[in-house]
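The values are calculated or read from the model by the stated rules, or taken from the named source; none is laboratory data. It should be emphasised that the depicted structure is a prediction, and the values quoted were computed from it without experimental measurement. Cβ placement follows ideal geometry from the backbone for every residue including glycine, while neighbour counts extend to all protein chains displayed. Remember, those area values only see protein heavy atoms, side chains included, never the ligands or the DNA or RNA. Shrake-Rupley method; radii C 1.70, N 1.55, O 1.52, S 1.80 Å.
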Amino acid sequence: MAQSFLASYKSKTDVRLGVPKDSVWKLIRTPEQVSLLSLWNECPNPKGYILMIHGWEGSHLSSYMVRTKQFFLREGYSIIRLNLRDHGETHHLNEGLFNGSLLQETYSAVYEISKMIPKGMPLFLLGFSLGGNFVLRIAKSHSESPKQKQIQNLKHSFSISPALDPLAA
């Protein structure tokens, strides 16, 4: 609880850093007719792309997302922050409510994003809390999918404090 409080306390100053001028919004439309909003920060000659997924009730503006974006931009990676359904003021984009079982639409969005990244450029997935749970399940789906349905150039997946048992988390 203290960790959440301290992160939220500092996050008020992080909000101004959340959407810099060089950010580009991209609406991702999945084959399931779901629209998810992503925010891209590209750097010249990137080492790769890092696609980040926030936690429960988080968004592209969550303090941990903003700080992680800043760190990896300085390290030479382009960053994509994906808002899950109904997060980051996107309630108007889809009918129906978000729940933690919406793996297929999230996998499809990540797959569509992977096709937008330059050929041969490595893609890394990074999820926090519930987003970490999604990343673990996306990696599993990726490994079980036929080659033509796998996420292009997926190099590694990272989960930070994933909710492994959402009922107990």
Yes or no: PRO46 modelled with pLDDT of 85 or more, open to solvent by 80 Å² or more (accessible area, probe 1.4 Å) and more than 13 Å from the chain's Cα centre (by Cα)?
no
Can you pull out every residue in segment 31-43 that is under 22 Å from PRO118 (Cβ atoms) and at pLDDT below 90?
LEU36, LEU37
Name the residue, out of GLY76, GLY58, that is assigned to a loop (DSSP other than H, G, I, E, B), of a type outside the set (Ser, Thr, Tyr) and under 11 Å from the mean Cα position of the chain (by Cα).
GLY58
Please pick out the residue among SER35, SER59, SER78, SER23 that is hydroxyl-bearing (Ser, Thr, Tyr) and buried (at least 21 other Cβ atoms within 10 Å of the Cβ).
SER78
Quick check, is LEU154 under 17 Å from MET52 (Cα atoms) and buried (at least 19 other Cβ atoms within 10 Å of the Cβ)?
yes
Mind telling me which of the residues GLY88, GLY127 ends up being modelled with pLDDT of 95 or more and either in a strand (DSSP E or B) or within 24 Å of GLU42 (Cβ to Cβ) (or both)?
GLY127
Scan segment 119-127 and give yes if some residue there is open to solvent by 60 Å² or more (accessible area, probe 1.4 Å), over 15 Å from LEU84 (Cα atoms) and of a type outside the set (Phe, Trp, Tyr), otherwise no.
yes
